[in-house]
Amino acid sequence: MPANSEERDLGAYDLVVVGGGAAGLWAALCAAEAGGSVCLVSRKPLAESASFHAQGGLAASLDQADSPDQHFEDTMKAGRNLCRASAVRVLVDEGPGIVDDLIRRGMNFDREGDGSLSLALEGGHSHRRIIHAGGSQTGREITSALAQMVADMDRIEVMEETSAVALVSDGRRCHGVITEDGTIRSPATLMASGGAAALWRRTSNPWGAIGAGPVLASAAGAELADLEFCQFHPTCLSVPGTAFDGALITEAVRGEGATLLDLEGERFTDELAPRDDVTAAILAQIEKQGGREVRLDLTAIDPARFPSVFELLETAGFDGTREPVPVSPGAHYMMGGVAVDLDGKTSIEGLYAAGECACTGLHGANRLASNSLTECFVFGRRAATAGLEEEPGPMPDLPEWRFDPPQPPTREAVWQFAGPQREAAGLARLADDPYLLARAIGSAALNREESRGGHRRTDFPETDPGLDFTHLIYRPDGEIALRRWD
Ligand SMILES: Cc1cc2nc3c(=O)[nH]c(=O)nc-3n(C[C@H](O)[C@H](O)[C@H](O)COP(=O)(O)OP(=O)(O)OC[C@H]3O[C@@H](n4cnc5c(N)ncnc54)[C@H](O)[C@@H]3O)c2cc1C
C-alpha cells in the first residue's frame, strides 16, 4: 500500500536518474550541462558503488597501432556471436572521445615516463588499450572526481541514501520515481542502478548489486534481455567462510605476467584468453584436483603497480609478493538487464537505462574486459541526451507494487542453481523464488538450451549456431520471446 510519505511530492525535473555510479553521475552531468534540471537518487552515498571498486580501467583504442575496428573485432569475438554489432560500433567509435573529454575535465590517468597515457593489457584484447588511474584504483579516482563535478552543478539535485522503490508507470509510459521519501515527477527516468552479480552468493560485487533496476523496470512494464548471461570472473580470492571470499583480483595482473598454477605449480591455461575460457579452464582444473582451488602467482608483479591488490591480499592474510594465492570463479558482471536501444530507450516510453543495469546487447554472451566503464560513459551520455527530448504527460495513480530486496536463501539458490555450470533440474527450482530477477534468470537460462559465453549448461554443453545473435527477452508477463537486434 502506498505509504503517505511516498505520496509526498518531491518536485518535477526534466530527468530523474536512479543511481550514483559512473553511469548515473555521468548522465546527470551531461543532462545538466545540456540545460536540463536533474534529480539524482542514490541508495548509497555517491562514492559507494561498483564503479568505485573498478580496478582495471576503461577500454578505448588510443594507441597509434590500435584502431576502433580492432577494438570492435575483439569485442565481437569475446561476445561469442551474440553481441549487437551496432552497439559495439557505437562503443568503439565514441570511446576515445570520452577519454579525451574526461582528461579535459581534469581526470588524472596514469602516464608513462614520456608523458603518454599508460595503456594496460587485459584478456581478449589484441592491443594494450586499458587506461587506468592510481594503479588499480581507477574506479575510486573516476567516481570521486565525477561526484565532485555533480555536487558543483546547480542544476543537479542529489538525494543520497534514498532508494527508488517503484516507478510511476501506467504500463506504457513512465512518469517518474517513487522513493521512501516521496515521489519525483519527470518525463524521463533513467535507471543507472548497477548490476546484479551480488544476487549470486559468491561474488566480487558490493552487496547492493542485486539488480533493483531490472526488477523496478519489469514491474513498470519494461522488457529485460540476456539474463542468462552473467560473467563469472576467473580470479576471485578463495578463502571460504571469510569476508574476503570472492574479492576480485584484477585481470590486469595477468596482463602484466601473473600466472595460474595447478597443485603441482604448473601452468594449465592461457591466462589472457577471454574470461569465459579462463573460467572454464579453472573449473575443469578444480574438478581434476578433487575440488581444491587453483593458485594465482603474482610474485613477479611489482606491488607498486597494483597497490590495492597487494593491500587486499595482505589484509586477507596472504603475502602476494612471496606465495601464489588461492583463486576460483565468482559472479562478477551481468551482461543482461533492462532491454534498451542505442539511446538507452526501454520498451516503455519515458523510461531509459544505462550502465550495468541496461542491456544494449553490447557484451553479447561474454563482456570483453574493461568495456563496461566505457559503456557507462558512452551510453550514459546518449541516454541523457535522448531523455531530455521527452514531454511530460498526465500523472497516473501511484502503483501499489513496491520493491522487496532478495533474502540470503535467494542468493544461495542463484549461486547453486544458476552458477558457472547449470542444468535444467536446478534452474527449474528458481521458478518459485520470491525475487523476480531470480525467477527471470532461471527462466532465461532454462530456455537457452546450449552453452555460450557465461552461460554453461552441463546438459547442453555445445553451442547451437542456430541461436547465434538471438536474444532471449523476458517480458513483463514472465514469458520469454526470441529476438534478433539490428
Ligand atoms: C570489483 C570490481 C572491479 C571492476 N573492475 C572493472 C574495470 O576495471 N573496468 C570496467 O570496465 N569494469 C569493471 N567492473 C565493472 C564496472 O565497475 C561496473 O560495470 C560499472 O561500474 C557499473 O556502473 P553503473 O554506474 O552502471 O553502476 P554502479 O557503479 O553499480 O552504481 C549503481 C548505483 O545505483 C544505486 N542504486 C542501486 N539500487 C538503487 C535504488 N533502488 N535506488 C536508488 N539507487 C540505487 C547504487 O547505490 C549505486 O549508486 C568492476 C566491477 C567490480 C565489482
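Each Lys or Arg adds one and each Asp or Glu subtracts one; over the other residues with Cβ under 14 Å from the Cβ of residue 137, this totals -1.
Within the shell defined by Cβ-Cβ distances under 12 Å, the residues around residue 6 carry a net charge of -3, with Lys and Arg each +1 and Asp and Glu each -1.
Only bridges whose two residues both fall in the chain count here: according to DSSP, what percent of them are antiparallel, nearest 5? Percentage antiparallel, nearest 5: 65.
Find the centroid of the Cα atoms in segment 222-287 and in segment 345-391, then give the distance between the two in whole Å. The two parts, judged by their Cα centres, are 26 Å apart. Put simply, when 166-173, 378-385 are sorted by average Cβ atoms within 10 angstrom per residue, most first, you get 378-385, 166-173. Using the alpha-carbon positions of the chain, Rg (one decimal) and Dmax (whole number) come out as 21.2, 68 Å.
Considering helices alone, the calculated mean residue ellipticity of the chain at 222 nm is -9000 deg cm²/dmol, with DSSP H runs of length four and up weighted by -39500 (n - 2.57) and normalised per residue. Compute the separation of the alpha-carbon centres of segment 290-331 and segment 394-452 and state it in Å as a whole number. Cα centroid to Cα centroid, the span is 32 Å. Note that segment 233-331 carries a Kirkwood radius of 13.3 Å, evaluated over its alpha carbons pair by pair. Helix 138-151 and the longest principal axis of the C-alpha atoms of the chain enclose an angle of approximately 20°. Footprinting exposure proxy ranking of 77, 288, fewest other C-beta atoms within 10 angstrom first, gives 288, 77. Any idea what diffusion coefficient segment 107-246 gets from Stokes-Einstein, in µm²/s, Kirkwood Rh on alpha carbon pairs, 37 °C, 0.692 mPa s? Diffusion coefficient, whole number: 175 µm²/s.
All of the numbers you see were taken from the coordinates with simple rules; none came from a lab. The structure displayed is predicted, hence computed values, not measured ones. Note that each Cβ is placed from the backbone with ideal geometry, even for glycine, and that neighbours are counted across all protein chains shown.
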